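What follows is a short report on a single structure.
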Amino acid sequence: MRLSKNQIEVIRKTVREVFGAEADVKLFGSRTNDEARGGDIDLLVEMPTIVVEPERKTLQLIARLQLCLGDQPIDVLVLDPSTPRQPIHEQAIHTGIKL
């Protein structure tokens with residue numbers, strides 16, 4: 001995984017601040033491959049309950065993470081019981097690494 005311990009802690013803390021203590025977060029995509037270079041930070045936020053205003057919270061999370069981690073591309077998927085599952089969600093669930 002190509003994230004530092006500090007980056008992982010910042011991501012976990014910020015996800016819980018924005019989405020609540022019940023939020024789980026996984027890293028998926030190219031940053032899970034130690035051999036790859038570059039790439040954005042792809043995150044899956046999994047929630048056991050329906051998220052109110054998921055778009056606003058997603059943008060808030062991205063903005064806070066960019067302030068803390070530097071201006072780099074960050075993509076966030078939110079998966080709650082009301083989210084229609086798509087192939088990208090399944091890929092993130094099965095290949096993601098829990099932070």
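Any read-out appearing in this document is the output of simple, stated calculations on the displayed coordinates, not a laboratory observation. Note that the coordinates shown come from a computational prediction; the quantities given were computed from them, not determined experimentally. Note that we place each Cβ from the backbone using ideal geometry, even for glycine, and neighbour counts take in every protein chain shown.
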Correct response: the longest run of the chain lacking exposed trypsin sites (Lys or Arg not before Pro), defined by DSSP loop and at most 13 other Cβ within 10 Å, is 38-84
One would report the antiparallel percent of DSSP beta bridges in the chain, rounded to the nearest 5, as 55 percent
Exposed GluC sites (Glu not before Pro) being those in a DSSP loop with at most 13 other Cβ atoms within 10 Å, the longest stretch of the chain free of them is 36-99
Measuring from its Cα centre, the range 11-56 shows a charge dipole (+1 at each Lys and Arg Cβ, -1 at each Asp and Glu Cβ) which, in debye to the nearest 20, is 160 debye
With -39,500 (n - 2.57) per DSSP H segment of 4 or more residues and division by the full residue count of the chain, the 222 nm estimate, nearest 500 deg cm²/dmol, is -13000 deg cm²/dmol
